Each structure stands twice: as C-alpha cells, then as structure tokens.
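*Asks:* Input: one structure, supplied below.
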Amino acid sequence: MTHGPGTSPLPATPGTARVTGPSAEAPAGQVERAAGQVRERIASQFGRSLHIRTLDTGSCAVCEQEIRLLAAPHYDLHRLGFFFTPAPRHADLLMVTGPMIRAFGVAARKTYDAMPGPKIVIATGACALGGVYPSDAFVHGSVGEILPVDVWIPGCPPSPLALLQGLLVAVDRLAEKVAGLTFTADTAAGEVAG
Amino acid sequence: MPLWFIRGLRRGVVTTHYPARPDPSAAHLPTPPAFRPERLDRALADRLCGVCPSRALRREDDVLIFDVGACTACGRCQETAPEAVIRSGEFELAATDRAHLVKRIPLLREARP
C-alpha cells in the first residue's frame, strides 16, 4: 500500500498515529508490525467500497475492453463494492494499462499525485508488466518505471475474472495465489496426458 | 430482489464473494504454459526462447526462466514442443510483487535423444 505524503484520511488513533514514519533505529519487527496494522486498516476501509480510475498509457485497448466487461451483468463488479470513477481525485485505485509511453510519463505521475491517499496502483496486462515492449526511445517499457505498483495482473489481455481476482488481492480480500505456483507439470500427470 | 433485500438487512452485508460458483467460461481462457522439466533439455529450451514473441522465456545455464508477467499466452511454445509444454489452466495470477511472477524451471543436464 502506498501513502501520499501527509494526505492520509485515516483518523489518528493511539498506537497507529506514527506508524507511517518509523525512526531509523526502530527494530525491524516493530516496523513490520506497524506496516501490518496500516495494511489492515486500509483493507478494512477499502474492502467493500473502492473507486477505480483507469489509465491507458498506450495500450492496444483490449485491456480496456476487458475492464469494461467487468461492469457487465455477467461479472457485475458492483456486487463486490467496486465502482469506476471518471476523475482521479475521487479514486482510491489506479488501474494502469499499456507500456507507459514516454510522452505520457508526466501525465501518469500527475494522475497519481492527484489521487487522495491511501492509494493503490494496479499494473494491468503484459505491456504494463514490461513484457511486450522493451524500454526504448518511445516507451518506458513498464508501469513500474513511473508509478509505485502494488499489484501486478498478467495476461494479454487479463480476463475479467483475472482482473476481479487482482482487485480483490489489492484490497486483501483474496490471498495471492501465483507465488506458490511453479508452472511445471508433474511427471505422473505428464505421462498420462502425453 | 426482495430476497436480496431481506438478506442484506439481516446480515448487514450487501456485497458477495468472488466467485460465487466456478465460472464455466474459465476453462476456455487462454492461460500461460506449464512445462515438463523431465522432457526439457538445453536445445529445446533455446528453441522455445526463440519462438517466444514477448521475451517471457530465457535460459540461464541449466534453468529456464519463465516470466509469467511477460507471457501473452499466445501458445507458440506449446505448438513448438507439445510433448514438453502444456496449458497450465491458471489465470488468477495477480501478484503483489513483480518477482513472484518469475519462475525458474530446471532443465535436464544431458541432452535428450
């Protein structure tokens, strides 16, 4: 989770008021515990009402088509408490697609700065994750070059189900699954299928 | 609709979980490949790296490095070596750390005949 400097709308309560700026000599365990508390509070606030702003930084628009499908009755994003908003100033979450073309770097940064904190950034699709376009004179190559990304959603394009799972991972309502996957098929299953 | 209303009043929860039941369309989604390490040697790994259009595959000595984040699920590696590469069926791939998406597939030490 990322905090804008001094823009947190979280009410100050004893014990959590100073957690965003731990002193350098604080023990590592204490910092981790404090970070966990902040995560929990953000998740509890974002968990069932979250406003999303999408940002296209040079994608082919197929990721946008999939994002639009989220609002269709079949996937029905709103049942989960997510909503799209037209302005970054009203958004809690920035969903970024595309390889971050260089001409858009400043605009992307301004969009991020305009959002109130705490805020979440999701990089959506293989371009945004640095897969398709290498960094060159025209593109930064990855959204992570410009913005602090909290959740990465692979796919070309990611299906609406994958996007939903990514959103729920971002607000801590689902656990991340991919870290435990090896993408190897075990021998026994391979022999049967082969 | 009245049922939902009453349920919402009673439980104080107006949103639902994901997914309520398995989605029938999930079986047809394009998904990144899964590899069979016991059938992958260096030569085949190099061929797979060659056909990958999105730099998702590269080889470091005896390890095939598969960047799931860069994969576009185009299926070219699967077409090149159907005996060693299959469909993974995984599409719920959101990661909180970019490094979680980079997978290391061990290769055979000696070449396959």
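Readers should treat all values here as calculations from the given coordinates under stated rules, not as data from a laboratory. Bear in mind that the values here come from a model prediction, so they are computed numbers and not experimental data. Quick reminder, even Gly has a Cβ in these numbers, built from the backbone with ideal geometry, and neighbours come from all protein chains shown.
*Asks:* I'm checking a number: the convex hull volume of the Cα atoms of segment A:56-133, normalised per residue, in Å³. What is it?
*Replies:* 97 Å³
*Asks:* Let me ask something else about it. In deg cm²/dmol, rounded to 500, what helix-only [θ] at 222 nm does chain B give when every DSSP H run of at least 4 residues adds -39500 (n - 2.57) and the total is split over its residues?
*Replies:* Result for chain B, helices only: -6000 deg cm²/dmol.
*Asks:* Right, here's the next one. Sequence neighbours fewer than 8 away in the same chain don't count; with that in mind, list the lysines whose C-alpha is under 28 Å from residue A:177.
*Replies:* A:119, B:103
*Asks:* Suppose a student asked you for the relative contact order of segment A:48-194, using Cα pairs under 8 Å spaced at least 6 residues apart; what percent would you report?
*Replies:* 23 percent
*Asks:* Please give the net charge around residue B:85, taking every other residue with its beta carbon less than 12 angstrom from that of residue B:85, where Lys and Arg add +1 and Asp and Glu add -1.
*Replies:* Value of the local net charge: +3.
*Asks:* At 4 °C and 1.567 mPa s, what whole-number value in µm²/s does Stokes-Einstein give for the translational diffusion of segment B:27-106, with Rh from the Kirkwood sum over Cα pairs?
*Replies:* The diffusion coefficient I find is 102 µm²/s.
*Asks:* Another question, if that's okay. Taking amide H positions as placed 1.01 Å from N in the peptide plane, with prolines and chain starts having none, which residues 5 or more places from residue A:121, or on another chain, fall under 5 Å of its amide H?
*Replies:* Amide H neighbours of residue A:121, under 5 Å, 5+ apart: A:94, A:150, A:151.
*Asks:* Below 13 angstrom from the Cβ of residue A:99, what's the summed charge of the other residues (Lys, Arg +1; Asp, Glu -1)?
*Replies:* Every neighbour counted, the sum reads -1.
*Asks:* Also, I was wondering about something else. Post the alpha-carbon centroid distance, segment A:60-121 to segment B:38-87, in whole angstrom.
*Replies:* Taking the Cα centre of each part, segment A:60-121 and segment B:38-87 sit 32 Å apart.
*Asks:* Hey, another quick one. Over the whole of B:78-85, what's the average partner chain Cβ count within 10 Å per residue? Rounded to a whole number, please.
*Replies:* Going residue by residue through B:78-85 and averaging, the value is 1.
*Asks:* Using mean Cβ contacts within 10 Å as the protection proxy, how do A:65-73, A:136-144 order, highest first?
*Replies:* Descending packing order for the listed peptides: A:136-144, A:65-73.
*Asks:* So what are the ³J(HN,Hα) numbers for segment A:68-75, from phi and the Karplus equation (6.51, -1.76, 1.60; θ = phi - 60°), rounded to whole Hz, Gly and Pro as x?
*Replies:* 5, 4, 4, 7, 6, x, 4, 9
*Asks:* Still on this structure, please answer the following. Please list the non-local residues whose amide H lies under 5 Å from the amide H of residue B:34, H modeled 1.01 Å from N, same-chain partners needing a gap of 5 or more.
*Replies:* B:86, B:87, B:88
*Asks:* I need the phi-derived Karplus couplings for segment A:57-66: 6.51 cos²θ - 1.76 cosθ + 1.60, θ = phi - 60°, integer Hz, Gly and Pro marked x.
*Replies:* Ordered by residue, 3J(HN,Hα) equals 9, x, 7, 7, 6, 6, 4, 5, 4, 5 Hz.
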